[in-house]
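To start, the structure under review is shown below, and the notes come after it.
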Amino acid sequence: MDSLVQRTLLPRPRTKRSAPQGAGLAVVTGGSSGIGQEAARLLARRGHPTVLIARRRDALNDLALELSALAPSMALALDVCDDQATQATFGQLVHDRGPVRVLVNCAGSGLYSPFLKHEPTDLRRMMEIHYFAAATAIRSVLPGMLDQRAGHVVNIGSMSTKMGPWGHSGYTAAKAALTALTQTLAADYASSGVHFSVVHPGIIDTPYFDTPDLQPLRQQLRRHLINPERVARTVVRLLDRPRLEVCVPHHYRLVDAIKALHPTMLHHLVASHSRPTKC
């Protein structure tokens, strides 16, 4: 087990804010930066003990130390695309800490190039990190949630699933699979006391764009960038008011209406705004 993950369990603080009634263990994948980092901060402020999962151990440890002033926090360095390691890690976590009340799947990465420039391994990686890793995490925590008749799984989707933009064939397909999984889980376990939500953000100002492939898109759409804390606030609000599907910003819900009325117009609009200017 120790060869699979590096774990840091920080001591409980002597004083912390009292947890709200019903607060329970919260697990956040992709917790070292971006939406995951901000969601973990907000969950800790609500009194949830937090488990932070990502590959970057140093960043996780720093955040866990910060959050320990609010609630107990644990950092787990893990590549969630390693299915065996993920199963083992979540199994040990549930065994040691008991049922998970909140799971937020934020882990992700992206590609920005035409389909024929995607290697087959790139496409598989997209599906592994956005769909299979989330499915493994959910499968690990869902039995405990069902036993407790309480829990909430929040998956981070993407507005790109509404109408695929240029260069996102692998990413958008994987996020669409995650969206379909969320919807099906909500149908499978209706009236169980467990809630499932998918949050579709627009363009988020996160390290996701700090790669050579995605920098051109960041520059092109920089005036539309959204602070990750804005998305995190939406994630946490869902715990109080569960909803199946939410867009950030909220006015992006109009995309569904436009798609229903004028799908070709929406396609041209999205394609033109996402295509590199030199193409």
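Overview of values
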quantity	calculated
Net lengthening on full extension, residue 87/residue 148 (0.36 nm per residue, minus Cα-Cα)	19.9 nm
Sequence ranges 123-135, 150-162, 183-195, 91-103, ranked by mean other-Cβ count within 10 angstrom, highest first	150-162, 123-135, 91-103, 183-195
Cα-only radius of gyration and Dmax that characterise the range 30-71, units Å	9.0, 25
Loop trypsin sites (Lys or Arg not before Pro), the range 235-279, which have at most 15 other Cβ atoms in a 10 Å radius of their Cβ (DSSP)	243, 278
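Quick note: the coordinates plus some simple rules give every number you see, no bench work behind them. Note that this is a predicted model, so its numbers are computed, not measured. Using ideal geometry, Cβ is built from the backbone for each residue, glycine included, and neighbour counts are taken over all protein chains shown.
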